[in-house]
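To keep things clear, I will list the structure first and then write my remarks on it.
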Amino acid sequence: MNRYRSLKIPRVKEFDVVLLFTAIVISIIGIVTVFSAVYSGLENDDNLWKSQAIRLFVALVGMLAALIIDYRVWHGFSYIFYGLGFVVLAVVLAIPESGARRWFLGGAIQPSELARIILIIALAKCLSDKKQVVSQFKVFVVALVMVLAYTFLIFMQPSLGYALTLIPISLVMFYVGGISGTYLLLVIIPGAVSAITTMLILHKNWSLVSSTSLAKAMVLTAIYVGCSSLAYYLISKTRVRDGTKWVKLVSLCAFIGILVALVGCAVLKDYQKARLIAFLDPDSYPSSSGYHIIQSKIAIGSGGLIGQGYLHGTQNRLDFLPAQHTDFIFSVAAEEWGFLGAMVILALYFTLIMNGLKAAARADDTFGTLLATGIVAMIATQVFLNIGVTIGLMPVTGIPLPLMSYGGSSLFTTFISIGLLLNVRLKRV
């Protein structure tokens with residue numbers, strides 16, 4: 001603990017100017033695109049981009065605070081923050097409000113955004129403190145429970161998108177922290193099986209309460225048990241090392257994944273189910289749940305190589321593209337600036353992520369490495385999910401594009417993350 005309590009003087013020459021400059025450039029592009037997304041020639045068009053500019057200033061102040069305070073300080077308070085974050089997320093659920101319960105103060109604060117940073121810090125402490133015994137199963141269980149608790153609370157808001165981002169973040173941190181690959185499969189296999197089963201149930205529109213469905217479930221269970229038993233018997237007759245152990249592990253994980261899918265289909269909101277169904281076949285729902293994806297792909301495709309020009313995107317100008325300034329801001333940029341403009345934006349995000357990985361690789365301690373790794377995983381996951389939605393590779397999740405989408409909580413949280421990355425990158429003497 002002493003190495004975390006003793007504050008050291010940072011070397012200014014180690015400051016990552018490229019990381020900071022890239023983040024600010026993306027944010028400025030975001031403000032410019034927000035103006036275009038809501039532009040109609042009226043005077044009140046100035047409000048949103050001005051609000052975003054003010055939020056950028058506040059976010060930069062927050063980043064400066066995260067940069068000045070030695071990141072090792074957060075090591076000692078991480079579990080306290082985790083507990084406070086848990087309480088805040090629980091309070092959000094307790095607020096009597098129709099629809100989604102995700103915000104405080106009329107939408108000014110979104111706890112699920114800050115909760116991800118808190119979880120990353122807590123996981124970094126958990127895995128770094130247990131480095132010598134990180135292969136032990138109990139460490140994995142404790143870390144997994146920490147993740148699932150936040151995932152459940154965020155999912156129940158409901159915020160499926162933010163809840164899903166916690167899974168890849170935690171898996172990356174588990175891997176870098178030295179968790180056994182066998183234990184990682186206990187998360188990966190059920191997650192994959194659950195996702196596939198959920199999509200299948202929704203696509204086939206299977207009812208989970210009818211007598212016919214129950215009969216089918218019993219038959220499928222019998223087939224599943226039979227196949228697992230046959231695989232166990234056949235592998236036991238071979239000389240494959242730990243073969244029967246792997247059969248039992250995979251079979252159990254797959255069964256858990258199926259159960260999770262059944263529970264998930266029962267608790268998913270109707271609009272969430274509609275988004276997942278539209279992802280599988282958006283053209284079958286062109287005027288309802290598939291509308292967002294179809295219009296987004298049309299906007300991106302109409303941009304061509306060099307785009308239609310700033311303030312001249314037809315899908316955007318004619319309001320065919322929904323949520324232009326938030327979830328689908330990348331579609332606006334791609335329509336107006338074309339393939340080349342989209343590539344510039346992707347290159348900036350790639351630079352941001354790579355410099356974040358450099359910070360993780362050059363950290364002075366395990367806690368810093370895990371902290372930077374978790375932050376990079378969070379930003380990369382959010383970029384992948386958002387852009388994946390706009391081009392139809394992912395279902396609509398409501399995840400904003402970091403630094404570009406309109407919104408104060410997302411911008412503030414992302415710059416706090418940038419500040420922590422810059423902090424970890426600084427070599428202290």
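The values are calculated or read from the model by the stated rules, or taken from the named source; none is laboratory data. What you see is a predicted model; the values in this text were computed from it and never measured. Cβ: placed from backbone, ideal geometry, glycine included. Neighbour counts: every protein chain shown. In case anyone asks, the SASA skips ligands and DNA or RNA and just uses the protein heavy atoms, side chains included. Shrake-Rupley method; radii C 1.70, N 1.55, O 1.52, S 1.80 Å.
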Give the range 380-425 a look and list any residue that's among the aliphatic types (A, V, I, L, M) and in a helix (DSSP H, G or I), or say none. ALA380, VAL383, LEU385, ILE387, VAL389, LEU411, ILE416, ILE418, LEU420, LEU421, LEU422, VAL424
Determine whether SER27 is modelled with pLDDT of 90 or more, among the small types (Gly, Ala, Ser) and out of contact with any strand residue (DSSP E or B) (no Cβ under 7 Å at 6 or more places or on another chain). yes
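Listed here are the residues, each with its yes/no results for (1) within 30 Å of ILE201 (Cα to Cα); (2) over 33 Å from the mean Cα position of the chain (by Cα); (3) without any contact (Cβ under 8 Å) to a residue 60 or more places away in the chain; (4) surrounded by 14 or more Cβ atoms within 10 Å (Cβ to Cβ).
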{"site": "VAL219", "(1), (2), (3), (4)": "yes, yes, yes, no"}
{"site": "TYR224", "(1), (2), (3), (4)": "yes, no, yes, yes"}
{"site": "CYS227", "(1), (2), (3), (4)": "yes, yes, yes, no"}
{"site": "ILE235", "(1), (2), (3), (4)": "no, yes, yes, yes"}
{"site": "TRP246", "(1), (2), (3), (4)": "yes, no, yes, yes"}
{"site": "LEU249", "(1), (2), (3), (4)": "yes, no, no, yes"}
Filter the range 255-308 for residues that are of a type in the set (D, E, K, R) and loosely packed, with under 14 Cβ neighbours inside 10 Å; the one that is modelled with the lowest pLDDT is ASP283
With the first residue restricted to the range 294-321 and required to be more than 19 Å from LEU393 (Cα to Cα) and touching a residue at least 24 places away in the same chain (Cβ under 8 Å), and the second required to be part of a loop (DSSP other than H, G, I, E, B) and open to solvent by 40 Å² or more (accessible area, probe 1.4 Å), Cβ contacts under 6 Å at 6 or more apart or on different chains are LEU311/TYR39
Scan the range 172-194 for residues that are among the aliphatic types (A, V, I, L, M), open to solvent by 40 Å² or more (accessible area, probe 1.4 Å) and either free of Cβ contacts under 8 Å to residues at least 40 places away in the same chain or at positive phi (or both) and jot them down. ILE188
Here is a list of conditions, (1) modelled with pLDDT of 75 or more; (2) open to solvent by 40 Å² or more (accessible area, probe 1.4 Å), and VAL34 meets all of them except one; can you say which number that is? (2)
Against the definition (at pLDDT 90 or above, touching a Lys or Arg at 6+ places or on another chain (Cβ under 9 Å) and among the hydrophobic types (A, V, I, L, M, F, W, C)), how does LEU19 come out, yes or no? yes
Candidate set from the range 316-341 (those that are assigned to a helix (DSSP H, G or I) and of a type in the set (Gly, Ala, Ser)); member that is surrounded by the most Cβ atoms within 10 Å (Cβ to Cβ): SER331
Testing VAL209 on (1) loosely packed, with under 14 Cβ neighbours inside 10 Å; (2) in a helix (DSSP H, G or I); (3) at pLDDT below 85, one condition comes back false. Which one is that? (2)
Residues that are at negative phi and open to solvent by 10 Å² or more (accessible area, probe 1.4 Å), drawn from the range 390-409: ILE391, LEU393, MET394, PRO395, VAL396, THR397, PRO400, TYR406, GLY408, SER409
Within the range 131-171, of all residues that are in contact with a Gly (Cβ under 7 Å, 6 or more places away or on another chain) and β-branched (Val, Ile, Thr), the one farthest from VAL92 (Cα to Cα) is VAL134
